[in-house]
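Here's the structure, in structure tokens; my notes come after.
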Amino acid sequence: MGTDCTYCGSDVERHDPVFVSEATDDGRERAGQFCNYACLAAYIDEQALTVGAACEWP
Ligand SMILES: [Zn+2]
């Protein structure tokens, strides 16, 4: 995997990179990399990752 931002495709090493990993059966796996939190937030928004998530208030 290179160092391109998952969201905008820029080289994250030129910014202040944020890395996201997901838990797997074997441990943790790199799930994405972003220039900064702005790209991460934009990516989440675009993917609507919070829609349908199991984090509803009781
Ligand atoms: Zn970016």
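Please enumerate the residues belonging to segment 7-42 that are open to solvent by 40 Å² or more (accessible area, probe 1.4 Å) and touching a Phe, Trp or Tyr at 6+ places or on another chain (Cβ under 6 Å).
Tyr7 - this is the single residue of segment 7-42 that is open to solvent by 40 Å² or more (accessible area, probe 1.4 Å) and touching a Phe, Trp or Tyr at 6+ places or on another chain (Cβ under 6 Å).
Between a residue in segment 39-50 that is under 19 Å from Val12 (Cα atoms) and any residue that is β-branched (Val, Ile, Thr) and at pLDDT 85 or above, which pairs come within a Cβ distance under 6 Å, given they are 6 or more apart or on different chains?
Cβ pairs passing all conditions: Leu40/Val18.
Would you tally the residues in segment 18-38 being away from the ligand (no atom under 12 Å from the Cβ) and touching a residue at least 24 places away in the same chain (Cβ under 8 Å)?
1
Pairs please, first residue from segment 1-17 and over 12 Å from Tyr43 (Cα atoms) and aliphatic (A, V, I, L, M), second anywhere and open to solvent by less than 50 Å² (accessible area, probe 1.4 Å) and not in a loop (DSSP other than H, G, I, E, B), Cβ atoms under 7 Å, 6+ apart in sequence or on different chains.
From residues that are over 12 Å from Tyr43 (Cα atoms) and aliphatic (A, V, I, L, M), the pairs are Val12/Gln33; Val12/Phe34.
On the basis of being within 16 Å of the ligand (Cβ to nearest atom) and modelled with pLDDT of 90 or more, does Glu46 make the cut?
Spelling it out, it is not the case that Glu46 is within 16 Å of the ligand (Cβ to nearest atom) and modelled with pLDDT of 90 or more.
The values are calculated or read from the model by the stated rules, or taken from the named source; none is laboratory data. In this text, all values refer to a predicted model and were calculated from it rather than measured experimentally. We place every Cβ from the backbone using ideal geometry, glycine too, and count neighbours over all the protein chains shown. With ligands, DNA and RNA removed, areas are computed over all heavy atoms of the protein, side chains included. Shrake-Rupley method; radii C 1.70, N 1.55, O 1.52, S 1.80 Å.
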